[in-house]
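Student: Before we start, here is the structure in question, set down as structure tokens.
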Amino acid sequence: MKVKKVCCFTGHRPQKLPFGFNEADERCVLLKHRIREKVEYLITEQGVTHFIVGMALGVDIYSAEIILSLKEKYPQITLECAIPCETQCVKWSEPMRDRYFDIVSKCDKETLLQTHYTNDCMQKRNEYMVNNSDYVIAVWDGKPSGTSNTVRYAESKGKTIITIKP
């Protein structure tokens, strides 16, 4: 039986990225290109077929859309949305909620970690993703943050971490 290889993503929210919410900014376009390159490397060179995304604004949404865009080229890949709580996107703008629900409607697996928001639900989501992955793609500037906590957790679990500086 062939063993499934899995990759998850961690990364900053738009507020912590140098281009903010401006996805037309060339730095955002370049970042998405670099994420896509790493994903394609993992598919073609490492045999990764399953990707888990935490569905937060910023890097998570970009990564999910990249995976969905690659499914035609690589039909063997699957996308799992790891949702920390049912109300994750309730305070987002309508266009961002539309993107969120579009991704969820197209994913192969939806994992809801808990129904209600708690102070630790995002951390539980991150630990779930790392625990179920072989690789972690981290879009991280090296500074203390939720992303750095996830990177440290992945290191403690012996996961292979691919870091992309935003």
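All of the numbers you see were taken from the coordinates with simple rules; none came from a lab. Since this is a predicted model, take the numbers as computed values, not measurements. Counting neighbours? That spans all protein chains shown, and the Cβs are built from the backbone with ideal geometry, glycine included.
Student: Top mean-square fluctuation among 119, 149, 22, Gaussian network model of the chain, C-alpha springs under 10 Å?
Tutor: Evaluated over the chain, the most mobile residue of the options is 119.
Student: Among 109/143; 5/157; 91/165; 5/159; 71/106; 32/71, which pairs are too far apart, with a Cα-Cα distance over 21 Å?
Tutor: Those over the limit are 109/143; 91/165.
Student: Tell me, what is the percent relative contact order of the chain, built from C-alpha pairs under 8 Å that lie six or more residues apart? Walk me through the numbers before you get to the answer.
Tutor: Working: 270 pairs, mean separation 45.2, N = 166.
The value is 27 percent.
Student: Which whole-number percent is the relative contact order of the range 103-166 (Cα, under 8 Å, 6+ apart)?
Tutor: On the way: 56 pairs, mean separation 20.0, N = 64.
Relative contact order for the range 103-166 comes out at 31 percent.
Student: Could I ask something else about it? Among 72, 80, which comes first, then next, by fewest other beta-carbon atoms within 10 Å?
Tutor: Exposure proxy ranking, most exposed first: 72, 80.
Student: Here's something else I'd like to know. What translational diffusion coefficient, to the nearest whole µm²/s, does the range 5-164 have by Stokes-Einstein, given a Kirkwood radius computed over alpha-carbon pairs, a temperature of 20 °C and 1.002 mPa s viscosity?
Tutor: Values: Rh = 15.6 Å.
Rounded, D is 137 µm²/s.
Student: Test of understanding: in a Gaussian network model of the chain with alpha carbons linked when under 10 Å, which of 68, 30, 79 would top the mean-square fluctuation ranking?
Tutor: Among 68, 30, 79, the largest GNM mean-square fluctuation belongs to 30.
Student: So what is the calculated 222 nm ellipticity per residue for the chain, using -39500 (n - 2.57) for each DSSP H run with n of 4 or more, over all residues, to the nearest 500 deg cm²/dmol? Walk me through the numbers on the way to the answer.
Tutor: Working: 5 runs with 68 residues, N = 166.
That comes out to -13000 deg cm²/dmol.
Student: Hey, can you list the DSSP H helices of the chain whose Cα span along the axis is 24 Å or longer and whose average Kyte-Doolittle score is at least -1.0?
Tutor: Membrane-span-like by this criterion, though nothing is claimed about a membrane: 26-46.
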